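The values are calculated or read from the model by the stated rules, or taken from the named source; none is laboratory data. Small disclaimer: the values here were computed from a predicted structure and weren't measured. Using ideal geometry, Cβ is built from the backbone for each residue, glycine included, and neighbour counts are taken over all protein chains shown.
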Amino acid sequence: MRAYLKNYRQSPRKVRLVSDLIKGKSVVRASTQLNFLNKRASKVVGKLIDSAVSNAKENDSVNKDDLFVKSIKVDEGPTLKRMRPRARGSAYLIRKRTSNITLELGKKVPKKAKVTKKTKSKK
């Protein structure tokens, strides 16, 4: 249950701020947190979560409440290089960075109840 976003036009450093917040959280809680987060990348990461959830429903028929964000990885994509004119006819290089985001969802495994052994106390 994975979803990918390639060549997103924002620097990976800024996107990682958002991705670190939702790592390991349930899908419902992560999407709620992203709705109230005041970052540009939060809207895009929220759409990516929705895409991964719909992939999980379609392919594996898993309920949304049983999913959590197993891993989210933000890598650097291709950098667009632009020039800006400077003094005396020189040029200044501007790097417009892009991000590649990989999101993986996992299914929650219900915890088994611990079986405790009762011991007789001697009096």
Within region 73-87, considering residues that are among the aliphatic types (A, V, I, L, M) and farther than 14 Å from Lys14 by Cβ, the one surrounded by the most Cβ atoms within 10 Å (Cβ to Cβ): Leu80
Counted residues, region 80-121 - those being under 30 Å from Val62 (Cβ atoms) and small (Gly, Ala, Ser): 3
Yes/no for Ser51 being closer than 17 Å to Thr102 by Cβ, more than 10 Å from the chain's Cα centre (by Cα) and surrounded by 12 or more Cβ atoms within 10 Å (Cβ to Cβ): yes
Filtered residue count, region 14-26, keeping only those that are in contact (Cβ under 8 Å) with a residue 40 or more places away in the chain and out of contact with any helix residue (DSSP H, G or I) (no Cβ under 6 Å at 6 or more places or on another chain): 6
So Asn63, is it over 21 Å from Pro78 (Cβ atoms), surrounded by 13 or more Cβ atoms within 10 Å (Cβ to Cβ) and polar (S, T, N, Q): no
Residue within region 63-80 that is in a helix (DSSP H, G or I), at pLDDT 95 or above and over 20 Å from the mean Cα position of the chain (by Cα) present: no
Answer residue from region 21-44, given it is within 19 Å of Asn100 (Cα to Cα) and in contact with a strand residue (DSSP E or B) (Cβ under 7 Å, 6 or more places away or on another chain) and is surrounded by the fewest Cβ atoms within 10 Å (Cβ to Cβ) among those: Lys23
Any hit, region 84-100, residues being under 13 Å from the mean Cα position of the chain (by Cα) and closer than 13 Å to Ala3 by Cβ: yes
Any pair with Cβ under 6 angstrom, 6 or more apart, that starts in region 61-83 at a residue that is free of Cβ contacts under 8 Å to residues at least 24 places away in the same chain and ends at one that is surrounded by 15 or more Cβ atoms within 10 Å (Cβ to Cβ): Thr79/Arg97
Subset of region 81-108 (residues that are assigned to a strand (DSSP E or B) and aliphatic (A, V, I, L, M)): Met83, Ala91, Leu93, Ile94, Ile101, Leu103, Leu105
Odd one out for Asn35, checked against (1) touching a residue at least 24 places away in the same chain (Cβ under 8 Å); (2) within 23 Å of Tyr8 (Cβ to Cβ); (3) not in a strand (DSSP E or B): (1)
